[in-house]
Every structure is written in structure tokens, then in C-alpha cells.
Amino acid sequence: MLLYQMHELGRAWMAPITYWAEANARMFSAPGSWLSGLPQAQRVAAGYELVYRIGKDYEKPKFGIHSVVNEGRDGTTAFFPVVEREVLRTPFCRLLRFKRFSDQADGIVDLKDDPPVLVVAPLSGHHATLLRDTVQTLLRDHKVYITDWVDARMVPKDDGNFTLDDYVATIEQFIRHIGAEKLHIISVCQPTVPVLAAVSLMAARGEATPRSLVMMGGPIDTRESPTAVNNLATQKPLWWFEQNLIHIVPANYPGRGRRVYPGFLQHMGFIAMNPERHMMSHWDFYQDLVKGDLDDAESHRRFYDEYNAVLDMPADYYLDTVRTVFQEHLLPRGLWDVAGERVRPEAISGTALMTIEGELDDIAGLGQTRAAHKLCTGIPEEERVHLTAQGAGHYGIFSGRRWRDQVYPQVRDFIAKHA
């Protein structure tokens, strides 16, 4: 149980080395430094920067979305400044809105007419900024909100625990705050399950539900095409996860004493899935620096600034998810109760459904997200759509070229049809 404390001790021990490596990298590469003129200076600088980037702490990145350019179908181009605003906060999550502005009267009218979209980001290790490209693309044609989950080690223990039931309640709260009547929801990966639960419960109570649900690469039914991630959850009993992965936040954080699944352990798991790929990526980065290929080197920095920034998950939420979603499959079996209410997806009737899977997804296998159609029998057939993105892996369905060129146009048209 002292693993977290030992990690913090190692992090503190590494800090002077990383600062020293960063300083040397700058001295051997800065144009005005006499050291940069020495033989092999570029190679030395590259080595120091590699040490720095492997050893440094990675803080939560910023979204950094300050503008959006919309190319209209009539060939015109519009530029809109964007301001990030926090519109609602709970102890474990912030609801953010990216508000677009225009100084043209016609532009303001067009922006007001755009449909609102709530992007539900996963609470599964990485920050919501991993969906930066998703948000940036959606802003062309939509009012965009996103769930920004708080690192559990930063939440004081007095704020209470956070369970999977609490996650569902948070989504319901955000839907009501924005207004369900015109809302469309896009859930990426893990939140497809609690989002479907939240909308199901609201429908069963007779509450207004969103106009559409777009579910991307999520574990609705992990019995379909199980992946290595799914197999791990079924091969180990729940007590193994609690005993080996749950630790106590050290005293140097606001959440001291809270039980969490630490981000550094999750990061180790991410790396372990493709160790050779990451080793080659770092070697290529070193080679790019030596050759002076600064564009590729900067691409590496941007990717790992995001990939290496991880957060702690609340222990109760994590264990609930392992049991409910991956071990007992309570949602597809029709046996899931949230705060005493049975989750019945068949109660949803006034909400259109689109599911999206990546052909090469090695996290959520083919069929796992599509399984939502079998559950949502109250939605008419003509209101349900499925898309398999050819050549796309897990991240390709919501980020990168395939997302922008192959997936987004169909998501945009689906939302427009039901707006």
C-alpha cells in the first residue's frame, strides 16, 4: 500500500535530474550558446532532451482552442473566436462550454441556430483534452460542451466518494442544465455505458431526453469480440483489482487519504500494451533532433504531452466499472440498477441513435458498441444508424484525419437530420 508514496519519492528524486537535463539540452542547442558550436553538440542536446522528456512530470494540458474556421458548403469561409467557459462544477467534474463569437449580425444568427452537443469524455486515465480534435472539429457546426473530469487526487476526501452511480447522476444533471429538448450527446469510449444508463433512466421517468445519441467505440457489451483489455477484467477476480491497483493518495495532494486507481499505474498499463512502439517513437524523436527535423520532433512532443498526462480515478468508480461493465455485463443482460432504479434502454423512444466503431479498434472490439441497437428497441429502425470506420483504430474514430474526413461528416449529417 506504500506504492504511491514510493512513486512520489522517486518523482522527487528524479526532479533535479530532469531540470539538469532540460537546462543542458537548451545550452547545447540554443543559437546564442557557445556550447552549440562544439562538435556533436546537436547529438548531445538530443540526448539530454530525451532524458528530460522521459523523466519529467506531465501536467494536464490546456485545450488551447481559441478560434475555429468554418468552410461553408457555399464556398465561403467564416472565422470565429472561441472562449472556453466553465458553466457548471461538481467536486469531480467541470462542465465546459466552448463559446463562439462573431461581429457579424448574420453570423450571430447562424451560431444561435447551431445544435448544442455535449461531448462526454472518458474518465479512464487521460484528461478530456485528449478530445481536443473532436471538439475543434465539432465547433465548425455546433455549440459544444464537454465533461472535464477532475483528477481524484485533487479532490479533498471530505467531498465524499464517487461511484458509477454518481457518474450517471452527473450526466443527468448536465443534460438538465443544458436542456435536453435540443441537445445531442456524443459519448467516447467508456462513457457510452453511463450515458446510455442516464438517458434510459430519464426516459423511464418520463423526462425529456436528448434528440440524439452518438456512441463511439464503447463497451456496451464486452462479450462481443473481446479484446486484451476485456480479457484482463474477466481473468482476474474483483478483489485482485482492489488489492493490486487501488492505493491511497499521499499527503502532498488535496485528496490526501482518498482511495484511487493512480494515474501512473494506468500509464504503465498503456505503455505495456505497445512497448516496442513507444521505444521506437522515442528513438525516432532522438533521430529527428539530431537531423534537425524540428516539425516531426514537435509532433512527438505534442503527442506525448497529451499521452503522458494522466489522472487518478476514484477507487469506487473504477471497481464499479470493472464489475458492472466488464465482469457481470449487467447492462446488456438487463440487470443493472442505478440508485435503486432498473436501467431499461428499451424505454428510450424519442432519441435517435448512432453507433460508431473502428475497424481496427483493439480496445473496444467490433460489435461492442453496436450492441446498443439490440437494447434500444424503443427507437424506430429508421432512427438508428451504425458506422464502421474502415482502417480506423480506437483513437482514429474521434481524432485525426479519419475522424475529420471519414467519421465527422456522417456525425454532422446525423445530428443535422435530427436537429
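Taken over the stretch 293-310, the residue count meeting the criterion of being among the aliphatic types (A, V, I, L, M), without any contact (Cβ under 8 Å) to a residue 40 or more places away in the chain and buried (at least 17 other Cβ atoms within 10 Å of the Cβ) is 1. Among all positions in the stretch 281-292, there is no residue which is surrounded by fewer than 16 Cβ atoms within 10 Å (Cβ to Cβ), closer than 26 Å to PRO194 by Cβ and assigned by TED's automatic domain parsing to the domain that holds GLN42.
Can you confirm whether the stretch 367-376 contains a residue that is within 21 Å of the chain's Cα centre (by Cα), in a helix (DSSP H, G or I) and under 22 Å from ALA121 (Cα atoms)? Yes, that holds for at least one residue.
Conditions tested, residue by residue: (1) in contact with a helix residue (DSSP H, G or I) (Cβ under 9 Å, 6 or more places away or on another chain); (2) under 17 Å from ASP221 (Cβ atoms); (3) aromatic (Phe, Trp, Tyr).
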site	(1), (2), (3)
GLU328	no, yes, no
GLY334	yes, yes, no
VAL338	yes, no, no
VAL343	yes, yes, no
GLU346	yes, yes, no
GLY358	yes, yes, no
ILE363	yes, yes, no
LEU366	no, yes, no
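Annotation: of all residues in the stretch 117-171 being in a loop (DSSP other than H, G, I, E, B) and of a type in the set (Ser, Thr, Tyr), the one that is modelled with the highest pLDDT is THR163. Checked against the criterion of being in the same structural domain as GLY160 (by TED's automatic domain parsing) and either assigned to a helix (DSSP H, G or I) or farther than 22 Å from LEU201 by Cα (or both), the candidates LEU335, LEU360, LEU330 yield just one match: LEU360.
Residue by residue, here is whether (1) among the acidic types (Asp, Glu); (2) closer than 30 Å to VAL150 by Cβ; (3) modelled with pLDDT of 90 or more; (4) out of contact with any Cys (no Cβ under 9 Å at 6 or more places or on another chain) holds:
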{"position": "MET216", "(1), (2), (3), (4)": "no, yes, yes, no"}
{"position": "TRP239", "(1), (2), (3), (4)": "no, yes, yes, yes"}
{"position": "GLN243", "(1), (2), (3), (4)": "no, yes, yes, yes"}
{"position": "HIS267", "(1), (2), (3), (4)": "no, yes, no, yes"}
{"position": "MET280", "(1), (2), (3), (4)": "no, no, yes, yes"}
{"position": "ASP284", "(1), (2), (3), (4)": "yes, no, yes, yes"}
{"position": "LYS291", "(1), (2), (3), (4)": "no, no, no, yes"}
{"position": "ASP296", "(1), (2), (3), (4)": "yes, no, yes, yes"}
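The number of residues in the stretch 173-207 that are outside any helix (DSSP H, G or I) and free of Cβ contacts under 8 Å to residues at least 40 places away in the same chain comes to 2.
Pairs linking a residue in the stretch 144-167 that is crowded, with 19+ Cβ neighbours inside 10 Å to a residue that is polar (S, T, N, Q), with Cβ atoms under 7 Å and 6 or more positions apart or on different chains, are LEU164/THR321; LEU164/THR324.
Say we look at the stretch 221-238 and pick out the residues that are part of a helix (DSSP H, G or I) and of a type outside the set (A, V, I, L, M); which of these is farthest from VAL407 (Cα to Cα)? My answer is GLN235.
Scanning the stretch 379-399 for residues being assigned to a loop (DSSP other than H, G, I, E, B) and surrounded by 16 or more Cβ atoms within 10 Å (Cβ to Cβ) gives a total of 6. Given (1) closer than 30 Å to THR163 by Cβ; (2) without any contact (Cβ under 8 Å) to a residue 60 or more places away in the chain, identify the lone condition not met by VAL82. Condition (1) is where VAL82 drops out.
Looking across the stretch 208-220, the residues that are part of a loop (DSSP other than H, G, I, E, B), at negative phi and not basic (Lys, Arg) come down to ALA208, THR209, PRO210, GLY218, PRO219, ILE220.
The values are calculated or read from the model by the stated rules, or taken from the named source; none is laboratory data. Quick caveat, the model's predicted, so the values are computed rather than measured. FYI the Cβ positions are ideal-geometry reconstructions off the backbone, even for glycines, and counts take in every protein chain you see.
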